[in-house]
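One structure is given here, and the rest of the page talks about it.
The values are calculated or read from the model by the stated rules, or taken from the named source; none is laboratory data. The structure presented is a predicted model; accordingly, all values stated were derived computationally and were not measured. Positions of Cβ are generated from backbone atoms using ideal geometry, with glycine treated the same way; all protein chains shown enter the neighbour counts. Side chains are part of the model used for accessible areas, which takes the heavy atoms of the whole protein and leaves out ligands, DNA and RNA. Shrake-Rupley method; radii C 1.70, N 1.55, O 1.52, S 1.80 Å.
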Amino acid sequence: MEKVPDDWPYADEPTVCAACGSDDDRHVTVETLGLVWGAAMDGGLAPTAVGGYSGTLRFRCCHECWTERGIDALEAARTLVDRGGRAEDGRPFALDDDRVAAAAELDAERVAVGDLRRPEFRSDPEREHVRSQDEAVEAALDSWFDRE
């Protein structure tokens, strides 16, 4: 695993609830979110700021926040995109409002990086494709938060 850059806002370990900061013994730990999810979190990195890294984010959530604040929408979450609203032909895509709202409840400084790696792209077109996707997600999130 790569070393997490010093200027990233994330914690070393998920030791308290990422939403409220509680250290309640009744909690869940989520390890399925990709780095792009940080863009929806309070103080998280924008997708384009992640650079060439890929990996996951890990966070802890107390029982109350998980159930009462709706963070449970992130259980087994893999994408910010609404699977039912996928765009085709280069049109903008829809975000999953429940999952983005749940991620927005989290403080990035209480979220940890689970694993981190620099992908080995075989070609410049692959690298450009990933950058293009990151820019599209960032624009969609900017638009999502503007309408709140």
Carbon and sulfur together cover what percent of the accessible area of segment 1-107 at a 1.4 Å probe radius?
41 percent
Which residues qualify? For LEU95, with a placed amide H closer than 5 Å and at least 5 residues away or on another chain, they are ASP82
Rounded to whole Å², per residue accessible area for the chain with a 1.4 Å probe reads 58 Å²
Cα-based Debye curve of segment 95-137 sampled at q = 0.18 Å⁻¹ gives log₁₀ I(q)/I(0) of -0.83
Trypsin sites (Lys or Arg not before Pro), loop per DSSP, at most 10 other Cβ atoms within 10 Å - longest free stretch of the chain
27-121
Helix 124-146 sits off the longest principal axis of the Cα atoms of the chain, rounded to the nearest 10 on a 0 to 90 degree scale, by 50 degrees
Which residue, ASP97, ASP72, ASP25, has the most motion in a Gaussian network model of the chain that connects Cα atoms within less than 10 Å?
ASP25
Where the convex hull is taken over the Cα atoms of the chain, what is its projected area averaged over directions, in nm²?
9.2 nm²
7 Å from Cα along Cα→Cβ at both ALA76 and ARG26: what's the point-to-point distance in nm?
2.3 nm
Applying the gyration tensor rule to the Cα atoms of segment 3-90 (axes a ≥ b ≥ c; rounded if a/c under 1.5, else prolate if a/b exceeds b/c, else oblate), the class is oblate
Compute for segment 9-52: radius of gyration divided by Kirkwood radius, i.e. Rg/Rh, restricted to C-alpha atoms, rounded to two decimals.
1.00
